[in-house]
Amino acid sequence: MVARLFFILSLCVATYGCATTNTVRNANQDAGISRVFNNDYDTVKAAAAEAIERLNVNIRSTEETSTSYQVIFSKSISAFSWGEVGRVLVFRNSGEGTKVTVSAEKRSQLQITGTNEQKFASEIFAGIDEELKALGT
Amino acid sequence: MRCILVFILSIGLLSCERLEREPISSDVTFYVGKVAAATRVDATKQESRGKRVALSALSLNSLVMVVGSTATEKDFGDDKVWKYELQLASGRPAVIFSYNVLSIGDCVRIRQSNISDDAALFLAAENLCAAINPIEQQN
């Protein structure tokens, strides 16, 4: 009985759905946590690229369009996490300053451990701040 | 009992994978250069964390300096990184790998750490590169 319950529970967990890099790549552009930096687009874009690179994540793709610069990243599996995937968007012409949006998903939707979106956002925003400060802007 | 101990130890070791950010070097030098060529290359072919190899060789009379910016892990995916060939204001060429997106002819500032192999590329005002064009014409 217990074994059957465990099996059913495992099936439910396995079939609940996993986030992939495509999940965050195709997410709404407004999804995630945003912050506006008081610098031009090109400077913030470069700072964001460097900030992400300094994190212990894998950069999976970078792309620039007429409206934004996008970085897709993933974080490796660990004992308490199946890993996470995330996206950073730097918006061109986002009004005063330059808006950066960070969104992230845990690969396992049921997982309560691992790095959450708030943590990714705060680390990336802090990294951008450091880059801008180091640049003397 | 032994299995439980091994399991706990394994978890303890693997759980060290927290989100961490490398600090920026406080001792840096800025250089100015112009993007002469840009190509997309496979990041996995770059040396893992062996980025930023040789801008420190700026003081040397080397033909090509290689500075990577490809912080990668072993399980790195199929990412592409930009390989920029730069013409520095000093007249020397440099090669830098970066995730920043730049265009040929862009004027850039290069931030190079004096105590590590860390380097970063930032778009700069065009007037900073005004002196570079005559050097290119000489070549």
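The values are calculated or read from the model by the stated rules, or taken from the named source; none is laboratory data. It should be emphasised that the depicted structure is a prediction, and the values quoted were computed from it without experimental measurement. Don't worry about glycine lacking a Cβ; one is built from the backbone with ideal geometry, like all the others, and counts go over all protein chains shown. Only protein heavy atoms, including side chains, enter the accessible area calculation; ligands, DNA and RNA are left aside. Shrake-Rupley method; radii C 1.70, N 1.55, O 1.52, S 1.80 Å.
Among the residues of region A:50-74, those that are open to solvent by 10 Å² or more (accessible area, probe 1.4 Å) and touching an Asp or Glu at 6+ places or on another chain (Cβ under 7 Å) comprise A:N56, A:R60, A:S61, A:Q70. Filter region A:53-66 for residues that are touching a residue at least 40 places away in the same chain (Cβ under 8 Å) and in contact with a Ser or Thr (Cβ under 9 Å, 6 or more places away or on another chain) and give the result. A:S61 - this is the single residue of region A:53-66 that is touching a residue at least 40 places away in the same chain (Cβ under 8 Å) and in contact with a Ser or Thr (Cβ under 9 Å, 6 or more places away or on another chain).
Within region A:34-52, the residues that satisfy the criterion of being within 12 Å of B:N100 (Cβ to Cβ) and touching a residue at least 60 places away in the same chain (Cβ under 8 Å) are A:T43, A:V44, A:A46, A:A47, A:A48, A:E50, A:A51, A:I52.
Table: residues versus (1) farther than 25 Å from B:V108 by Cα; (2) at the interface with another protein chain (Cβ under 9 Å from one of its Cβ atoms); (3) modelled with pLDDT under 95.
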residue	(1), (2), (3)
A:I52	no, yes, yes
A:L55	no, yes, yes
A:R60	no, yes, yes
A:S68	no, no, yes
A:V71	no, yes, yes
A:W82	yes, no, yes
A:V88	no, no, no
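Taking region B:31-40 as the range and being surrounded by 14 or more Cβ atoms within 10 Å (Cβ to Cβ) and more than 14 Å from B:V101 (Cβ to Cβ) as the test, the residues that pass are B:Y31, B:V32, B:G33, B:K34, B:A36.
Check region A:38-47 and report whether any residue there is open to solvent by 60 Å² or more (accessible area, probe 1.4 Å), away from chain B (no Cβ under 14 Å), modelled with pLDDT under 80 and at negative phi. No: zero hits. The residue that is farthest from A:L135 (Cα to Cα), counting only those in region A:75-97 that are among the aliphatic types (A, V, I, L, M) and open to solvent by 30 Å² or more (accessible area, probe 1.4 Å), is A:A79. Is it the case that B:I104 is modelled with pLDDT under 90 and under 20 Å from the mean Cα position of the chain (by Cα)? Taking the combined requirement at face value, the residue does not satisfy it.
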